[in-house]
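Reviewing the structure listed below.
The values are calculated or read from the model by the stated rules, or taken from the named source; none is laboratory data. All of these numbers come straight from a predicted model, not from anything done at the bench. Every residue, glycine among them, receives a Cβ derived from its backbone with ideal geometry; neighbour counts consider all protein chains shown. These area figures cover heavy atoms from the full protein model, side chains too; ligands, DNA and RNA do not enter into them. Shrake-Rupley method; radii C 1.70, N 1.55, O 1.52, S 1.80 Å.
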4 protein chains.
Amino acid sequence: MAGNSFGTIFKLTTFGESHGEALGGIIDGCPPGITLDFEAIQLEMDRRKPGQSAIVTQRKEADEVQFLSGIFEGITTGTPIGFIIPNTNQKSADYSQIKDTYRPSHADYVYEKKYGIRDYRGGGRSSARETACRVVAGAIAKQILSTIKINAFVSSVGEIFVDKPYQELDFTKTESNPVRCPDEATALKMEEHIKEIRKQGDTVGGTVTCVIQNVPMGLGEPVFDKLHAELGKAMLSINAVKGFEYGSGFCGALMKGSDHNDLYNADGTTQSNLSGGIQGGISNGMDIYFRVAFKPVATIMQKQESLDNQGNLIELQGKGRHDPCVVPRAVPIVEAMAALVIADFYLINRTYNRTI
Amino acid sequence: MAGNSFGTIFKLTTFGESHGEALGGIIDGCPPGITLDFEAIQLEMDRRKPGQSAIVTQRKEADEVQFLSGIFEGITTGTPIGFIIPNTNQKSADYSQIKDTYRPSHADYVYEKKYGIRDYRGGGRSSARETACRVVAGAIAKQILSTIKINAFVSSVGEIFVDKPYQELDFTKTESNPVRCPDEATALKMEEHIKEIRKQGDTVGGTVTCVIQNVPMGLGEPVFDKLHAELGKAMLSINAVKGFEYGSGFCGALMKGSDHNDLYNADGTTQSNLSGGIQGGISNGMDIYFRVAFKPVATIMQKQESLDNQGNLIELQGKGRHDPCVVPRAVPIVEAMAALVIADFYLINRTYNRTI
Amino acid sequence: MAGNSFGTIFKLTTFGESHGEALGGIIDGCPPGITLDFEAIQLEMDRRKPGQSAIVTQRKEADEVQFLSGIFEGITTGTPIGFIIPNTNQKSADYSQIKDTYRPSHADYVYEKKYGIRDYRGGGRSSARETACRVVAGAIAKQILSTIKINAFVSSVGEIFVDKPYQELDFTKTESNPVRCPDEATALKMEEHIKEIRKQGDTVGGTVTCVIQNVPMGLGEPVFDKLHAELGKAMLSINAVKGFEYGSGFCGALMKGSDHNDLYNADGTTQSNLSGGIQGGISNGMDIYFRVAFKPVATIMQKQESLDNQGNLIELQGKGRHDPCVVPRAVPIVEAMAALVIADFYLINRTYNRTI
Amino acid sequence: MAGNSFGTIFKLTTFGESHGEALGGIIDGCPPGITLDFEAIQLEMDRRKPGQSAIVTQRKEADEVQFLSGIFEGITTGTPIGFIIPNTNQKSADYSQIKDTYRPSHADYVYEKKYGIRDYRGGGRSSARETACRVVAGAIAKQILSTIKINAFVSSVGEIFVDKPYQELDFTKTESNPVRCPDEATALKMEEHIKEIRKQGDTVGGTVTCVIQNVPMGLGEPVFDKLHAELGKAMLSINAVKGFEYGSGFCGALMKGSDHNDLYNADGTTQSNLSGGIQGGISNGMDIYFRVAFKPVATIMQKQESLDNQGNLIELQGKGRHDPCVVPRAVPIVEAMAALVIADFYLINRTYNRTI
């Protein structure tokens, strides 16, 4: 109800504010008998954490996850997996100026109106720091789905786009540059652009594209819990996301049926894949791909008019250490949420065994 | 789990195949004491039903809803509202040709692979006829939300777009033309285009924009059940939808923070509204607006290669009565799903009463 | 939330008032590919329906279930199964006297206080007629669990008890007498007692015992959704139930550990079964058995003081056709609810497949 | 699904094994603005913890709860409350003997069969230590329900019963003796009996009665989520519970309707209260009372035949520090679970506000 759980069988519930003691979560419904690769989990954490490169926020956070239950001698036991990520680099002083202030396009104002109280330190619960817990759970979900490949990458920064279809990209290059764009020439342009934007004390939006390959047929639960509907919800629940499209997406709305339909091959695969690997809300075995739009980060290093809690318009300038562009760090979060959705539908689908 | 329920407090569960005895549903959690306007409910049904105009399918279906419970002397009692919509115009013969065939970009193939069995008549459960039940529930949700205004309209058909901001449109004009576009000059062009497309035996995609006004502050349940995330899921669960964006949407990904941030007025409203009425997943009292992309209808009246269940590629031509463009009839469905989301969050929000 | 759904994967949602148009429900999550035995379903309905014998209410209701979806050519398709049971024998006039009256130990008063409105005809939603929908779903659940045997029977009426362990009873005799007690000598005494009670215009309570055999090991989801906890909730949700115990039950509270522990055989079965087939909330493969207490029916054919909605105490005498003892008709309802619980855990348990 | 969550609006999810790093949980949906009394929470923890008196287990565990989120300056913020209880007194060596052994009437065997793996240390997830998290959440729920009084007490140990109605007891005496029985003479007998049992290396069962007063009318969600059905599930989910009855309970099954019906007073209260404060699953404002049966603790300090994982029957004697009788420490757990149920229905009931 209070929406801090995601999933049904493989269910993640999270807690934690940016400047509290710790973030953490519980994964309930993880299948037993999975030998976890803890290094792989930490690697995902490291991809998301701040301070990785010159184009992301320079905050230093260790983001080390501590598992407290549900794992015995390195193997999942089927009982809930509790974990925490201590907050080790809280500089609450940085935020004292916003105690009585509502920053533009931040959640300060609505949290106070909804709940009547607000942990103003670093955005509290509305901080994107919350996504660290998603990455933990997503990293475990990926290990359940070991034959399925989930690759996200930055497909645009501002007006700089990757202008190739994903099939022509080499996903092993994604991590080779700080932007996380596998097209290296474009990555360089994006990096320059982000540096320029940061110099201006400004921020810029972008998009992340995600490709999921080797998905078995049959995942997704129509009519309401269609596979793409849950993927959409998952992505839209990530901070700063403004849009989601899969397959042909918004371009599909421009097209004619005779051009849009994916004709079959004799083996049930399709010649084209404007459907994006999903028909009627159910995976058809073709690649699933979708694109997620992120707005520019709201905290800018320029003076801006803000509102204080006495109803005065005041001038405020962003302080602290913030990302000039969120999409490079969003890549592992998009993958994590995709993994959660796929793992959940994968486990649900087991109940359809027709051999009873 | 099997995804035929939507919502948490105001919860709709539906059933029904295109060519079965009836469609229907149960609304559990409707507040008691609402005097229902049954004409208003039927009016919404009529907006969705086939055969309304020359540019939609010519099937004739009465789509009359029968309420079976939960209402006493015209007033909701707080007990579940059961309803059915009899299927009165089933022409199963129309579909005998597809018994052993998987139509391109339809759900025939995946349903058979997922469930091992398929009611092939008219698409069975994957038929958009299922959305009639959503409209019933949405019409009741609208009556709960009597002070909130929900207006959807067709904002594009193929490459013909409404090129004005929604603030310049007169929503009372939406129903004045068969396309359901409040910009009458554009509506006319769209209508001509759809007729032309139909003559070609083809279909075309489009978009629907929805504006929700007078929403109280505080609706939405972060971090996973953000207001826009549920709206996105709701829209993506509608047949043929390929994308969702709210506020600045995909355009927001092109922008800089200094341009994108919505500065406050002293009363807490904002000067601009690129946020689309939602901050951090919570309504801020400004207009909520979003756009939904629909692909072209997959059934075309041209010969197309299809797959039969023996693995042969065969030629198939669409028969029967289908929509050349789905967006005009999608308008009431988009509104209905929006109403379900808002009503649910509205009721959830009551539990936050801070006067305990 | 509004509690008209039961189960998670195999989920039943019901609607309907005693004197409305129809009762009905939706079963979402029934596995596809089950060839349904409709006669077996109707047989369960007939066991529950009124008017079967001289010791139950003489109301005549056909209680014929109509399936509207989710079944194609007699086989479940995996889509939701919608069904209705028309109300054909409504004598609303019988209830006009209670329009403004709250009957003792009925739900009239609390429904009006909770919801502010009440369908007073025949108890409305609080009527035990609602259980007909549970029997429909339970009958389908039984067909999923074809190798599991669920046998309930009347184990006491007032102070007349079956004084044998269930192992000495022949469950094929349960349906041989109107009381549904497999111990024929005791059944006769119970029948006489019920007739005597009815002559007095009174009612009497009783217990139903249920035995579930051939349950696979591993069903149940600790720590909150233990198998016996869900069975308990299921039984307590049936009208007139006041208590639930399983295995040694309340007697177990009198015992010492050295007497109560069930020692193992070498094959993992146990020598005794005071645990009632469940350890730590998980089935262990031994027989599950439990006992359910039903209070005497509140409607008696004697004059009783009641309250009217003006706050006056008035004299009221039960009219109409009511059961002098509810337990004979409760037997199929107890079995149905047990089947729903077992089927749901059975399907959940599939997700634990450790061969991923 | 994997059942480690309880409640819908006020929802507790827990994790933790007896001998892992920590236990913990997340409370999602706690209303904002509650000034928490942390001493009161710790007091409840202390009532449950081992080592309090001579008649309970002599293990020493601090059981100090650490709150990690959801509370700002001592006040709940409406965001999820994460907490942990470190395991500080793990003596894993105590349990090495059971690594390959299944203890009689413990969950060792079924956990291994269900999950294929088992954290054997101290019972792992099946240890009653898990209930510490329930007490944390229950203590917070009690603070939400500040005007509602929840009093549980030991009503029997073995065959020693409190032979007075609860109305004649002084609940302020419950904590005055180690048995937690407010009838001091009976408490003394119980204490002697438990000491005697312990000397024998044996254990004994008992019952806990709980009385909830000042409950507002209207709590409970028929037809499946009746107030007593959820209370029953809540109690049956506690380790070692074998039965639940409310109001007249199993005695009600012996009675006639003319004796059992609760006649009204003119103000809507009832003269008797065999209904136990609940009609049709909805609270009627009278006292709610129920009784819970606990089996004797399975670990006894006598030699017993056990099963090893090679299928050999071996002799095993309980070691370590165990309770000879669980009911004194169960009292705060019963109260906590009752508080969770009432708080959840209390919040749900707010959505029925009929003034929309």
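Okay, here's what the table says:
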| quantity | calculated |
| --- | --- |
| Shielding by other protein chains, C:267-280, mean Cβ within 10 Å | 4 |
| Segments C:232-243, B:175-186 sorted - mean Cβ within 10 Å per residue, highest first | C:232-243, B:175-186 |
| Inter-part distance where the stretch A:1-58 and the stretch B:44-58 are each reduced to a Cα centre, Å | 48 Å |
| 16 Å Cα-Cα reach of A:Lys164 towards lysines, excluding residues that sit fewer than 8 places from it in its own chain | A:Lys173, A:Lys189 |
| Solvent-accessible area per residue for the protein assembly as shown (1.4 angstrom probe, square angstrom) | 31 Å² |
| Charge tally in the Cβ shell below 13 Å around A:Ala40, where Lys, Arg are +1 and Asp, Glu are -1, A:Ala40 excluded | -3 |
| Amide N proximity, the stretch B:193-216 versus A:Ser272 label position 7 Å along Cα-to-Cβ, cut-off under 13 Å | B:203-205 |
| Leading residue at positive end of dipole, the stretch B:5-351 (Cβ point charges), from B:Ala137, B:Phe290, B:Gln97 | B:Gln97 |
| Estimated 222 nm signal from helices in chain D, with DSSP H stretches of n ≥ 4 weighted -39500 (n - 2.57), rounded to 500 | -7500 deg cm²/dmol |
| Rotational relation B to C, axis-closest Cβ in chain B, residue and distance rounded to whole Å | B:Thr13, 2 |
| Solvent-accessible area buried by B and C, counting both chains, probe 1.4 angstrom, square angstrom | 3200 Å² |
| Percent accessible area from carbon and sulfur atoms, the protein assembly as shown, protein chains only, probe 1.4 Å | 47 percent |
| Helix axis angle, B:38-48 relative to chain B longest principal axis, alpha carbon, degrees | 60 degrees |
| Protection proxy ranking, peptides A:270-277, B:96-103, average beta carbon neighbours within 10 Å, highest first | A:270-277, B:96-103 |
| Cα gyration tensor, the stretch C:237-356 - rounded (a/c under 1.5), prolate or oblate | prolate |
| Dipole of chain D, positive end: most advanced residue of D:Val179, D:Leu43, D:Val204 [Cβ charges, Cα centre] | D:Val204 |
| Net charge dipole size for chain B [Lys, Arg +1 and Asp, Glu -1 on Cβ; Debye, nearest 20] | 620 debye |
| Within 10 Å of each Cβ in D:197-203, the average number of Cβ atoms from other chains | 3 |
| Cβ crowding within 10 Å averaged over residues, with B:148-161, A:14-27, C:159-172 ranked highest first | A:14-27, B:148-161, C:159-172 |
| Environment charge at B:Glu315 (Cβ cut-off 11 Å; Lys +1, Arg +1, Asp -1, Glu -1) | -1 |
| Degrees separating the helix A:227-236 axis from the principal Cα axis of chain A, which is the longest one | 10 degrees |
| Cβ-derived FRET efficiency at R0 35 Å, D:Gln42 paired with D:Asp100, nearest 0.05 | 0.35 |
| Given charges at beta-carbon only (K, R positive; D, E negative), |dipole| of the protein assembly as shown in Debye | 0 debye |
| Net charge, C:Glu245 excluded, C-beta distance under 13 Å - Lys, Arg +1, Asp, Glu -1 | +4 |
| Rounded if a/c under 1.5, otherwise prolate or oblate - the stretch C:120-173, Cα gyration tensor axes | oblate |
| Listed residues B:Ala22, B:Val157, B:Pro32: farthest to the positive end of the dipole of chain B (Cβ charges) | B:Ala22 |
| Prolate/oblate/rounded call for the stretch A:1-96, Cα gyration tensor, a/c under 1.5 rounded | prolate |
| Inter-chain Cβ neighbour average for residues B:225-231, partner chain, 10 Å | 6 |
| The stretch A:5-351: relative contact order as a whole-number percent, Cα under 8 Å and 6+ apart | 22 percent |
| Length added when fully stretched, B:Lys319-B:Ala62, from 0.36 nm per residue minus Cα-Cα | 90.4 nm |
| Greater than 23 Å apart at Cα, pairs in B:Lys226/C:Lys113; A:Lys295/B:Lys242; A:Lys142/B:Lys256 | B:Lys226/C:Lys113; A:Lys142/B:Lys256 |
| Label distances, nm, A:Gly51 versus same residue in remaining copies, Cβ-directed 7 Å point | 3.8, 6.9, 7.9 |
| Cβ-placed point charges (K, R +1; D, E -1), dipole of the stretch D:197-320 about Cα centre in debye, nearest 20 | 460 debye |
